[in-house]
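Only the coordinates and a few stated rules stand behind these numbers; no lab work does. Only a predicted model underlies this, so the values are computations on that prediction, with no experimental measurement involved. So basically every Cβ, Gly included, is an ideal-geometry build from the backbone, and we count neighbours across all protein chains shown.
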């Protein structure tokens with residue numbers, strides 16, 4: 001599967017007093033990219049929730065490699081690393097003009113609305129593989 005790419009523009013609200021992107025905002029950028037990626041795969045997260053299942057981030061391992069600044073045009077690249085019956089592991093990178101500024105390995109699982117773990121639905125495993 002080809003990596004999914006999602007464009008992000010850095011706004012003033014994304015920056016700290018030093019004029020660089022506040023570290024926690026990279027997590028927002030990669031979350032938006034994952035949501036867009038899932039949508040392009042044809043996975044309806046609203047329908048999933050109505051069926052009582054949601055995606056939950058179980059683990060994120062992140063590396064901050066460079067600083068993005070106000071008005072930077074960024075690209076978030078998302079690709080599947082592995083899929084099992086219980087989890088989906090993705091690699092996500094935030095790039096500026098080809099330079100990797102942030103890299104994360106994200107592990108997502110599915111859970112019921114009550115928070116109980118469930119298997120990833122087979123149709124989702126097939127789409128993200």
GNM flexibility winner over the chain from 93, 73, 13 (Cα, springs under 10 Å): 13
Residues in the range 1-19 reached by a label modelled at residue 82 [backbone nitrogen below 18 Å; 7 Å Cα→Cβ]: 1
Highest-fluctuation residue, 94, 109, 118 considered, GNM on the chain with Cα pairs under 10 Å: 118
Taking the chain and dividing mean pair separation by its residue count, relative contact order in percent (alpha carbons under 8 Å, at least six apart): 29 percent
Projected label distance in nm at residue 59 and residue 13, using a 7 Å step from Cα toward the beta-carbon: 3.3 nm
Förster radius 35 Å - calculated FRET efficiency between residue 97 and residue 123, Cβ distance, rounded to 0.05: 0.40
Two-site label geometry, residue 47 and residue 71: point separation in nm, points 7 Å out along Cα→Cβ: 4.3 nm
Within a Gaussian network of the chain (alpha carbon springs, distance under 10 Å), most fluctuating of 34, 69, 77: 69
Binned Cα-Cα distances of the chain, short to long, each 10 Å bin given as a whole percent: 13, 42, 30, 15, 1
Full-extension gain in nm, residue 89 to residue 32, via 0.36 nm per residue minus C-alpha separation: 18.9 nm
Crossing angle, helix 25-40 versus the chain [Cα axis fit, 0-90 degrees, rounded to tens]: 50 degrees
C-alpha center-to-center spacing [the range 83-127, the range 24-62] in angstrom: 8 Å
